[in-house]
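Everything below concerns the one structure shown next.
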Amino acid sequence: MKGNEYDVLVVGGGIHGAGVAQAAAATGRAALLLEASGPAAGTSSRSSKLIHGGLRYLESFELGLVAESLAEREILLEIAPHLVRLVDFHVPIYKQTTRRPWQLRVGLSLYSLLGRFRASTRFKRLKRNAWGDLDGIRTEGLQAVFRYSDGQTNDARLVRSVLASAQELGCDVQYPAELLTAAREERGWLVRYRAGEEEREVRVSTLVNAAGPWIEHVRRRITPSPGGRTVDLVSGTHLELAGRLERGIYYTEAPRDGRAVFTMPWEDRILLGTTERTHLTDPADVAPTEEEEEYLLETYSHYFPGTPEVLDSWAGLRVLPRAAGDAFHRSRETLLFHDDPHIPRYVGIYGGKLTGYRATAARTLRTLAAALPVRPHKADTQTLLLPEVD
Ligand SMILES: Cc1cc2nc3c(=O)[nH]c(=O)nc-3n(C[C@H](O)[C@H](O)[C@H](O)COP(=O)(O)OP(=O)(O)OC[C@H]3O[C@@H](n4cnc5c(N)ncnc54)[C@H](O)[C@@H]3O)c2cc1C
């Protein structure tokens, strides 16, 4: 392998790019990751920070997604106990709540089944005398409260940890380093990128577009175009509020439209999110709006006493394949798009979840396998402990 030749080029240093870089290096492949800004500069530092199966995806029958996410949650609890922990989730059901107690019971039973009845998937309906202990949640009109567990993490730190693991396995990680162009050659791609002030050139066998909301921008820099999906960018805002929650996370319905809103303990604050608004301009311009802040605070005050001080707010972008219907009800499955049915040399990663990054990375590597040399494996990402990072 020459100094400027690699088996795999990964564009983007969010969770997906980091995951693919780690998976490539673990299978002994020479990998280079380019990140235009810094690790987790995009969506991967602006998520709800949950490592979860996604209870609500049961309603859209995304059973495969939920089962895979629950399995990945279990793996992450093992390989990154310093980064992922189980937290109690509470679902309060009021007279006006759309979902009825029996529906919750059915949903949580299915969640538990898809999670193979592991101890971490147990749930219960809280007794009435326990309601008073739930961070002051409104009890007027309350009919039932269910408690189950899901994972919480620090998303940006998780990305840095996976990237550090990739580097330990020999991956070359460069940032700030922006992909400028990639041109198809007989056995791969000739890639130009800018690293600081300098322009560089490398030859790679395969190219993975993990640029998140910039996926189509990156795709347009590739010739001939490998094709892709028409996507919508949908922004989600979170607010950081002054205050503390002692009992865990609350999974509520926004009174305005019934969408799910999480109220979560986050460091020494309360994290409240999220919204869904179509974003039509540059991904870098995504920011919370006053309307979104109002919507979230209205939801918070509907369930908890008082109006807390907003200490910070931020927004991230979901990449959702275009389809009819509102964003909330669209599939959250990760879609891999590849360029050639026989020997793919390009994969674009559309959408996805923080939670499933490892499975997505493994699938990406399998898609590219025919174009990649077989090399001695160095590690199995399913059991390799993730390093502690700042
Ligand atoms: C509001 C919200 C809440 C969410 N909550 C959860 C949750 O609780 N749990 C969960 O599992 N999932 C959640 N998700 C989904 C999850 O956060 C995303 O799927 C994931 O972070 C996407 O990561 P990514 O690596 O694809 O993209 P990103 O993190 O956006 O990374 C893309 C990177 O590519 C880089 N880049 C762009 N162009 C170039 C270029 N030309 N050259 C080099 N680099 C480039 C960017 O700088 C960026 O760092 C949430 C998403 C949103 C929007």
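The values are calculated or read from the model by the stated rules, or taken from the named source; none is laboratory data. Predicted model, so just to flag it, every value in this text is computed and none were measured. We place every Cβ from the backbone using ideal geometry, glycine too, and count neighbours over all the protein chains shown. These area figures cover heavy atoms from the full protein model, side chains too; ligands, DNA and RNA do not enter into them. Shrake-Rupley method; radii C 1.70, N 1.55, O 1.52, S 1.80 Å.
Per-residue ellipticity at 222 nm, computed for the chain from helices alone with -39500 (n - 2.57) per DSSP H run of at least four residues, works out to -7000 deg cm²/dmol. Which of the lysines could a cross-linker bridge to K353, judged by Cα under 24 Å and excluding same-chain residues fewer than eight apart? Correct list for K353: K49.
Length gained on full extension, E59 to R244, computed as 0.36 nm times the residue gap minus the Cα-Cα distance: 63.5 nm.
Once the 1.4 Å probe is applied to the protein heavy atoms, segment 201-282 comes out at 39 Å² accessible per residue. How large a share of the accessible area of segment 4-44, in percent, is made up of carbon and sulfur atoms when the probe is 1.4 Å and the other protein chains stay in place? Of all accessible area on segment 4-44, carbon and sulfur atoms account for 48 percent.
Apolar share of the accessible surface for segment 147-208: 38 percent from carbon plus sulfur atoms, 1.4 Å probe.
Applying 0.36 nm per residue to the separation of E140 and R375 and subtracting their alpha-carbon distance, the gain on full extension is 78.3 nm.
Computed extension length for Q103-T289: 63.6 nm, one decimal, from 0.36 nm per residue of separation with the Cα-Cα distance subtracted. Here the calculated FRET efficiency for A260 and D133, from their Cβ-Cβ distance with R0 = 25 Å, stands at 0.60, rounded to the nearest 0.05. Remark: segment 1-142 carries 42 Å² of accessible area per residue (probe radius 1.4 Å; ligands, DNA and RNA excluded).
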